[in-house]
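Comments concern the structure below.
The values are calculated or read from the model by the stated rules, or taken from the named source; none is laboratory data. Computed from a prediction, not measured in an experiment: that's the story for all the values here. Because the Cβ atoms are built from the backbone with ideal geometry, glycine has one as well, and the counts that use them run over all protein chains shown. The accessibility values were calculated without ligands, DNA or RNA, using every heavy atom of the protein model including side chains. Shrake-Rupley method; radii C 1.70, N 1.55, O 1.52, S 1.80 Å.
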Amino acid sequence: MVAETKLSPHDFIVPLFIDEGKDIKIEIPSMPGYFRNSLDITVKEVKELWKMGLQSVLIFVKSADELKDNTGKEAWNKNGLMQKSIKAIKDAVPELVVMTDVALDPYSSFGHDGIVKDGEIVNDETVEALVKMSLSHAEAGADFVAPSDMMDGRIGAIRKALEENNYSKTGIMAYSAKYASCFYGPFRDALDSAPGFGDKKTYQMDYSNRREAIRETLMDVEEGADIVMVKPALAYLDVIREVKDAVQIPVSAYNISGEYAMIKAAAKMGWLNEEKAILETLTAIKRAGADLIATYFAKDAVALLNN
């Protein structure tokens, strides 16, 4: 009765990994119990999620190697996997809030979030590509685009383009405070999107920085973000709280793949109780100030909450 923080299915965003083909269900080795599915299986999955009370998904697609290049042009292909997935999911469950990943790394032959020139990621040309990508997602029916790339100025450019093309109702969930973290490893297994050279420290944030997160977030709010995100979550609970105190719009946090994998691995070894760890972790993220939590534990959490 006196619990200050309570979890609800409405708190969760469910990440979905989608692959080409039919009747494909591939378990991600570093994320036990989580799968990359073909679109036909994904459609069945979203219907189940809706019945469970989960109301939002965040879509990631695995692009075939032959479609990858240094322009990312497959990202705005009207008939691409992402665009087909948005339409199919919205057709299957029209009320489901569909959010889409906006970044070039799944489409890049270099595995980076931006266009590469002379061994460096170029900001402005990447932003132009992200705008095209966002417009194609909006046209396909996305409710929110979620730029996860950390390029400067991309929120303002995307918002301007959405308004000018009559997609003013398409929201932007900005990855505003995204840190260069070692905990992303399993996700890169899921989409085969690890950087081909170097790392992402030139455009993701230094994990020792706190004030920078607030600056980055306030810039995204000023440029037109509707939701801001802190990623990862568990090692950044202090940042979630400070961002929550600094803004007047919803704050999301991404309980990422490495955080998922740690609990799964420890539970497999019998070192902790998985069910209790899931609920304690998600409660901590919400307690820190997250209004929404993107988590691979969403279905497990709802099942536990309903027990």
Fill in: Tally, over region 143-166, of residues that are out of contact with any Gly (no Cβ under 7 Å at 6 or more places or on another chain), closer than 16 Å to Glu223 by Cα and open to solvent by 20 Å² or more (accessible area, probe 1.4 Å)
6
Response to the item:
Checked Asn70, Asn79 against criteria (open to solvent by 10 Å² or more (accessible area, probe 1.4 Å) and within 14 Å of Leu135 (Cα to Cα)); the one match is Asn79
Worksheet entry | Looking only at region 244-262, and only at residues there that are buried (at least 22 other Cβ atoms within 10 Å of the Cβ) and β-branched (Val, Ile, Thr), the one that is farthest from Leu234 (Cα to Cα) | Val251
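Restricting attention to region 7-47, and to residues there that are free of Cβ contacts under 8 Å to residues at least 12 places away in the same chain and either more than 23 Å from Ala267 (Cα to Cα) or acidic (Asp, Glu) (or both), which single residue is most open to solvent (accessible area, probe 1.4 Å)?
Restricting to residues being free of Cβ contacts under 8 Å to residues at least 12 places away in the same chain and either more than 23 Å from Ala267 (Cα to Cα) or acidic (Asp, Glu) (or both), the top hit is Lys44.
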Worksheet, complete the sentence: Residues in region 270-307 that are aromatic (Phe, Trp, Tyr) and surrounded by fewer than 16 Cβ atoms within 10 Å (Cβ to Cβ) total 1
Item to complete: Can you run down the residue pairs with Cβ atoms below 6 Å, 6 or more apart or on separate chains, where the first is in region 60-76 and farther than 16 Å from Lys117 by Cβ and the partner is outside any strand (DSSP E or B) and small (Gly, Ala, Ser)?
Response: Lys68/Ser109; Glu74/Ser63; Glu74/Gly80; Trp76/Ser136
Worksheet item: Among the residues of region 43-56, is there at least one that is under 26 Å from Ala129 (Cα atoms) and modelled with pLDDT of 95 or more?
Response: yes
Worksheet item: Looking only at helices (runs of 4 or more DSSP H) that fall completely inside region 200-304, which ones have 2 or more residues that are under 24 Å from Gly156 (Cβ atoms)?
Response: 211-223, 237-246
Practice prompt. Residues being in a helix (DSSP H, G or I) and open to solvent by 20 Å² or more (accessible area, probe 1.4 Å): count how many of those fall in region 112-142.
Written response: 8
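Within region 94-111, can you find the residues that are over 19 Å from the mean Cα position of the chain (by Cα) and buried (at least 19 other Cβ atoms within 10 Å of the Cβ)? Give the derivation first.
Residues of region 94-111 that are over 19 Å from the mean Cα position of the chain (by Cα), as a first pass: 94-95, 109-110.
Answer for region 94-111, where residues must be over 19 Å from the mean Cα position of the chain (by Cα) and buried (at least 19 other Cβ atoms within 10 Å of the Cβ): just Phe110.
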